[in-house]
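Notes follow once the structure below has been shown.
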Amino acid sequence: MAVRVKTRRYIGMIAVSVAALALLAWGASPYWLSVLNVIGLYTVVAVGLSLLMGYAGQVSLGHAGFYGMGAYVAAVLSTRLGWNGWLTLPAAVLLTMAVAWVVGRPAVRLREHYLAMATLGLGMVFHIVMVEWEAVTGGSSGIVGIPALAVGPWTVEGERAWLILTWGAAAMALAMAYSLVTSPIGRALRAIAGSEAAAEALGIPASRYKLAVFVLSAGFAGLAGALYAFYVTFVSPSSFGVMMSIQFVMMVVVGGGHRLWGAPAGAATLVLLGEGVKAYLPALLPGAGGEVQLVFYGLLLIAILLLKPDGVLTGWATWRRKRSGEHARAA
Amino acid sequence: MPGLLEVRRLTKRFGGVQAVVDVSFSVPPGILYAVIGPNGAGKTTLFNLVSGYLAADSGEVRFNGQSIRGWPAHRIARAGLARTFQNLELFPGMTVLENVMVGCDARVRCGWLDALFGTGRRRAANATSREEARRLLALFSLDGVADIPAGSLAYGMQRMVEIVRAFALRPKLLLLDEPAAGLNPAERQQLAAVLRQARAQGVTVLLVEHDVDLVMTVADRILVLDQGRVLAEGTPEEIQTHPAVVAAYLGEEVS
Amino acid sequence: MDAGTMVLQLMLSGLTVGAIYALVAVGFVLIYNVTGVLNFAQGEFAAVGALTGAWLSMRGLPLWVCVVLAVLVAAAVAAGVERAVVHPARQSRPMTVIMLTIGAGMALRGAALLVFGTDPLAMPMFTEGEPISIGGATILWQTVWALVLCLLFFAALVFFFEKTYTGKAVRANVMNRFAARLYGIRPTTLSFWVFVVGGAVSGLAGVVVAPITGATYDMGLMLSMKGFVAAVIGGLNNAAAAVVGAVLLGVVESLATGLLSSGYGDVISFALLLAMLLVRPSGLWSRAEGKRV
C-alpha cells in the first residue's frame with residue numbers, strides 16, 4: 001500500500017524518461033508522435049484520477065466529462081469570444097474544479113458509490129448538454145477552427161512542438177502529485193484510506209480532504225481537455241462519452257493507483273491497446289467492431305481487479321524489491 | 001473548580017434500546033479517570049458520544065470550557081481531545097513512524113498549495129513531524145520498531161503505537177477505549193508504564209476498561225455504568241465499598 | 001389537445017416509465033441491502049431480458065413463453081455475474097467492487113452487441129387492441145401490463161419478506177449477518193439468490209418495456225442510472241420507497257421531456273439526484289438519522 005518514495009530513484013527515472021522522449025521526438029514518425037502526445041495528455045488525467053482512487057479510495061466514472069468540459073471551455077472562449085488561448089487554460093481548470101466541487105461536496109460525505117454514480121450521471125449530462133446546447137457547443141458536429149496557441153510570433157504547431165506542451169503538462173502533474181503525496185497532506189490521505197475513523201480522531205477532516213482530491217483531479221482533467229482542444233483544433237461530443245471515462249479508470253487500474261509512474265504507464269498501455277485493436281482487429285476478426293473492444297475491456301477490467309488488484313505493472317518492482325532484499329518493507 | 005470534561009445528562013437511544021441515559025460526570029484536569037461497567041453498559045457509546053462519533057439525543061458535553069456537542073470528530077480532536085479505539089485502528093500500510101507522524105501533522109502548518117507546489121513550508125513541516133515522532137517513539141521506548149509497517153506488529157505492540165499516536169496530538173484529554181483488551185500480562189505491565197508516562201507528561205486520561213483490577217490500581221476516580229445509567233462515582237476506595245456496586249457488579253470479582 | 005390533456009398524457013406515460021424504473025430500482029435495493037454491493041450492471045440485466053424476449057418473439061414463440069424465458073435468462077446471467085465477479089471479490093474494498101460490476105456491465109453490453117447487433121429489436125405488445133382513453137389522454141395496454149406486473153411482483157416480495165421463514169431470515173441478514181446464521185442461512189448463498197431475484201426482476205422490467213421502446217444492446221446503462229436515482233430518492237434501503245421514487249422520477253422526467261425539450265429529461269433526473277444528495281441523502285421519506293460511524 002505504502003508509497004516508497006526514493007527521491008534519488010525518481011531523479012534517475014526522470015532522466016531516463018526525458019532521454020527516451022527526446023530520442024523518440026527526434027526519430028519517430030508523425031503517427032507515433034501523435035500517439036505520444038495523446039499519452040501525455042491522458043497521463044495528466046490519470047495522475048489526478050490515481051490520486052482520487054489510490055489515496056481517497058473513491059472512483060469517478062465521469063472524468064471524460066471534466067476532460068470534455070475543459071475542452072469545450074477552451075474551444076468556446078477562444079473561438080466565440082476571441083480569448084487568448086493561454087488565458088482559456090486557467091479558465092477551463094477553474095470552471096471544471098468549481099463544477100466538481102458542487103457535485104462532489106454532497107457525494108463524498110456518503111459511501112463510495114454515491115460519488116461513482118453521481119459522476120457517472122454527471123458525465124452523461126455533460127454529453128447530453130454538448131449535443132443539445134447547439135447555440136454554444138455546436139451540437140453533435142462540435143466546434144471547429146480552434147486557433148493555435150502562440151508564444152509571440154511562434155505558434156505551437158506540429159507534433160514535435162506539441163510534445164513539449166503535452167509532456168510538460170504531464171511532468172508538472174506528476175511533480176505536483178509527488179509533492180502532494182510526500183507532504184503531511186499526503187500522509188493524511190493515506191491515513192484516511194487506512195482508517196477513516198482513526199484519521200478523524202487525529203484531527204483530519206476526512207470528507208473535506210476527499211473532496212479536495214476529487215476537485216484537484218477534475219482540475220487536471222480540465223487542463224488536459226483544454227490542451228486537447230488546441231492540439232486537435234476541433235471538439236465534438238463523441239470524444240467525451242462514458243467509455244472514455246471508463247478508459248481513464250482503467251488506466252489507473254492497469255498502472256496501479258499507488259504508484260505515480262503507474263499513471264503514465266497505464267495511459268500508455270491503454271492508448272497502445274486501443275491503437276492495436278484499431279490496427280489489427282479488422283484483420284483478425286473481419287466485420288467485428290467496437291463490440292469486441294467492449295467485451296475485451298470489460299473482461300480485462302474484471303481480470304485485473306480479481307487477479308492483480310495492485311495493477312498489472314507491479315511485476316518488475318516486486319522482482320527488484322525481492323532482489324534487493326527489502327522484505328521487511330514490502331508490506 | 002470546573003472539570004476539563006463536563007458531561008451533563010447525556011442520553012442516547014438506538015431504536016428502543018437506551019444505550020446511555022442521563023449520564024453526568026466531571027473529569028478534573030490532571031487525573032486518570034476510569035469508566036467501568038459490564039458489557040453493554042454503554043461505555044463505548046459514551047465514548048463515541050463524547051468524541052463526536054455519535055450524535056447524542058440530549059444532554060451537554062463541555063470540554064475545556066466549550067460546548068462540543070454536535071462538533072465533528074476531527075474538530076473535537078483538534079480542540080485537544082484524542083482517542084483510541086477498542087478495535088485497533090492503525091493505518092496498516094504505513095510504518096509505525098508514519099502513523100505517529102500523522103498525529104504530529106495536526107500541529108504543523110502545511111496547506112494544500114504548499115503541498116502541491118513543494119514550498120519550503122512543506123519541507124519544514126515534514127522535518128518537524130519526523131523529528132517529533134522520533135522523539136515520542138523514543139520517549140515510549142518504541143523506537144526499535146519505527147520503520148516497521150504497523151500492520152505487521154504484534155497485537156499488544158499495535159495498542160501501544162495507537163496510544164502514542166493519539167498522544168502525538170498533544171491532547172489535553174486522552175480517551176482510551178479498553179486499552180488492556182487482548183494484552184498478555186507482560187504487555188499489561190508495559191501498558192501501565194505507558195499510562196504513567198502519559199500522565200507524567202501532564203495529560204488527563206479518560207479510560208474505559210473491562211479489567212477492574214487494572215483500573216483499581218491506576219485510576220484516581222471511577223465512574224460505574226450499568227445498563228446505560230450511572231451506578232456510582234468516586235475514588236477506587238469508595239467504589240470498592242459502594243453497596244450498589246458491590247451488589248450489582250463487583251460482588252463476584254472483588255470479594 | 002389542450003394543455004390539461006397534454007399534462008395528463010405526459011403523466012400517464014411517466015407512469016409507464018416509472019413502473020419500469022421501479023422494477024430496476026427494486027433489484028438495486030434488494031441486492032444492495034443483502035450484499036452491500038451497489039450493482040452497476042443492474043440495467044444490463046434488463047437489457048438482456050428485453051433483447052432475449054424480443055429475439056424469441058421474432059422467432060415466433062408464444063408471447064408468454066418469450067416473457068418467461070427472458071426473465072429466466074436474465075436471472076441466469078445475474079447468477080453468473082454473482083459467481084464470477086461479486087463472490088470472488090467479497091472481501092475487496094467497495095471501490096473495487098464498484099469497478100468490477102462496471103466491468104461486468106461492459107462485458108455484457110459488448111456480448112449483447114455481438115449476439116444481437118446494433119439495430120433495435122421489436123417486440124409485439126402483450127395485448128393487442130386500441131389504447132384506452134382517459135379524459136382525452138390515451139394509455140397503452142402495455143402500460144397497464146407494466147403497472148400490473150410491477151404491483152404483482154411487489155406483492156410477491158412483501159409476501160415473501162413478511163410471511164415466509166426464508167424471507168424473515170433474509171431480513172435478519174440485512175440487519176445482522178450473525179442473526180442470519182442463526183436462521184441457518186449462509187451469507188454467500190444468500191448473495192447468490194438475491195442476485196437471481198434481482199436479475200429476474202430487472203429482466204422483467206426489460207421485457208415489459210421492450211414492446212414500447214424496442215430492445216437495444218445499450219439500453220442498460222441509462223436504466224441503471226435511473227434505477228439508482230429512484231432508489232436514492234427512496235433512501236436506498238426501502239423497496240417500497242424506491243417504487244414511489246421511481247414513479248415520481250418517471251413522471252417528472254416525462255413532464256420535463258414533453259414541456260421543455262426531448263434531450264433534457266435525463267438532465268432533470270440527474271439534477272434530481274444531485275438535489276437529493278445535497279438535501280436528503282437518506283431518502284425523501286426517511287426521518288433524520290444519526291451520524292454514521
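The values are calculated or read from the model by the stated rules, or taken from the named source; none is laboratory data. Computed from a predicted model, the values in this text were never measured in an experiment. Backbone-built Cβ (ideal geometry, glycine too); neighbour counts: all protein chains shown. Note: areas computed on protein heavy atoms with side chains; ligands, DNA, RNA excluded. Shrake-Rupley method; radii C 1.70, N 1.55, O 1.52, S 1.80 Å.
Values computed for the structure shown
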{"item": "Centre separation in Å (Cα based) which lies between segment A:188-251 and segment B:101-115", "result": "22"}
{"item": "Exposure rule at most 13 other beta-carbon atoms within 10 Å, DSSP loop GluC sites (Glu not before Pro): chain A longest free segment", "result": "A:158-325"}
{"item": "Whole-angstrom gap from segment A:127-160 to segment A:50-72, using each part's C-alpha centre", "result": "21"}
{"item": "Base-10 log of normalised Debye intensity for segment B:28-80 (one unit scatterer per alpha-carbon) at q = 0.15, 0.16, 0.26, 0.30 Å⁻¹", "result": "-0.47, -0.53, -1.14, -1.23"}
{"item": "Hull volume in cubic angstrom per residue (convex hull over the Cα atoms of segment C:36-94)", "result": "67"}
{"item": "Amide H partners (placed H, <5 Å) of B:ALA232, local residues excluded", "result": "B:VAL224"}
{"item": "Mean projection area, nm², convex hull over Cα of chain C", "result": "16.4"}
{"item": "Flagged links, alpha-carbon separation over 30 Å, of A:LYS210/C:LYS226; A:LYS210/A:LYS278; B:LYS12/C:LYS226", "result": "A:LYS210/A:LYS278; B:LYS12/C:LYS226"}
{"item": "In order through segment C:109-121: 3J(HN,Hα) via Karplus (6.51 cos²θ - 1.76 cosθ + 1.60), integer Hz, x for Gly, Pro", "result": "5, x, 5, 4, 5, 4, 7, 9, x, 8, 6, x, 9"}
{"item": "Per DSSP, loop chymotrypsin sites (Phe, Trp or Tyr not before Pro) in segment A:84-181 with at most 16 further Cβ within 10 Å", "result": "A:TRP133"}
{"item": "Ellipticity estimate at 222 nm from DSSP helix runs (n ≥ 4, -39,500 (n - 2.57)) divided over chain A, nearest 500", "result": "-25000 deg cm²/dmol"}
{"item": "Ratio of the Cα radius of gyration of chain B to 2.2 N^0.38 Å, where N counts its residues", "result": "1.05"}
{"item": "Total charge dipole magnitude, chain A, about the Cα centre, Cβ charges on Lys, Arg, Asp, Glu only, Debye to nearest 20", "result": "1360"}
{"item": "Spin-label zone in segment C:245-274 - amide nitrogen under 15 Å from a point set 7 Å from the Cα of A:ALA135 along the C-beta vector", "result": "C:261"}
{"item": "Sites matching trypsin sites (Lys or Arg not before Pro) across segment C:47-146 that sit in DSSP coil, with at most 14 neighbouring C-beta atoms within 10 Å", "result": "C:ARG59, C:ARG90"}
{"item": "Segment C:3-279 - accessible surface per residue (Å², probe 1.4 Å)", "result": "39"}
{"item": "Between helix C:220-234 and chain C: long-axis angle, C-alpha atoms, 0 to 90°, nearest 10", "result": "70"}
{"item": "Of all DSSP beta bridges in the protein assembly as shown, antiparallel share, percent nearest 5", "result": "65"}
{"item": "Rg to Rh, two decimals, where segment B:1-66 supplies the alpha carbon set and Rh follows Kirkwood", "result": "0.96"}
{"item": "Accessible area buried at the A-C interface, both sides summed, 1.4 Å probe (Å², nearest 100)", "result": "4000"}
{"item": "Calculated diffusion of segment B:83-204, Stokes-Einstein form, Kirkwood radius summed over Cα pairs, 4 °C and 1.567 mPa s, µm²/s", "result": "87"}
{"item": "Under DSSP loop assignment and at most 15 Cβ neighbours within 10 Å, longest GluC sites (Glu not before Pro)-free interval of chain C", "result": "C:129-288"}
{"item": "For chain A, alpha-carbon Rg over 2.2 N^0.38 Å", "result": "0.99"}
{"item": "Total formal charge among the other residues, if their Cβ is under 13 angstrom from that of C:VAL24, Lys/Arg +1 and Asp/Glu -1", "result": "0"}
{"item": "Binned Cα-Cα distance frequencies in the protein assembly as shown - 20 Å width, integer %", "result": "13, 41, 34, 11, 1"}
{"item": "Where chain A is the region considered: accessible area per residue in Å², 1.4 Å probe", "result": "39"}
{"item": "Two-decimal Rg/Rh across segment C:23-127, once Rg and the Kirkwood Rh are taken from alpha-carbon atoms", "result": "1.02"}
{"item": "Integer Hz, Karplus 6.51/-1.76/1.60 couplings in order for segment C:253-267, x for Gly and Pro", "result": "5, 5, 5, 4, 5, x, 8, 9, 8, 4, x, 8, x, 5, 5"}
{"item": "Per-residue ³J(HN,Hα) for segment A:292-305, Karplus 6.51 cos²θ - 1.76 cosθ + 1.60, θ = phi - 60°, Hz, x for Gly and Pro", "result": "5, 4, 4, 4, 4, 5, x, 5, 4, 4, 4, 4, 5, 5"}
{"item": "Sequence-separation-based contact order of chain C, relative, with Cα cut under 8 Å and 6+ spacing, percent", "result": "37"}
{"item": "Calculated FRET value between A:ALA15 and A:TRP83, using beta carbons and R₀ = 35 Å, to 0.05", "result": "0.40"}
{"item": "For segment C:198-233 versus segment C:104-155, the gap between their alpha-carbon centres in whole angstrom", "result": "9"}
{"item": "Of all accessible heavy-atom area on the protein assembly as shown, the percent that carbon and sulfur account for (1.4 Å)", "result": "63"}
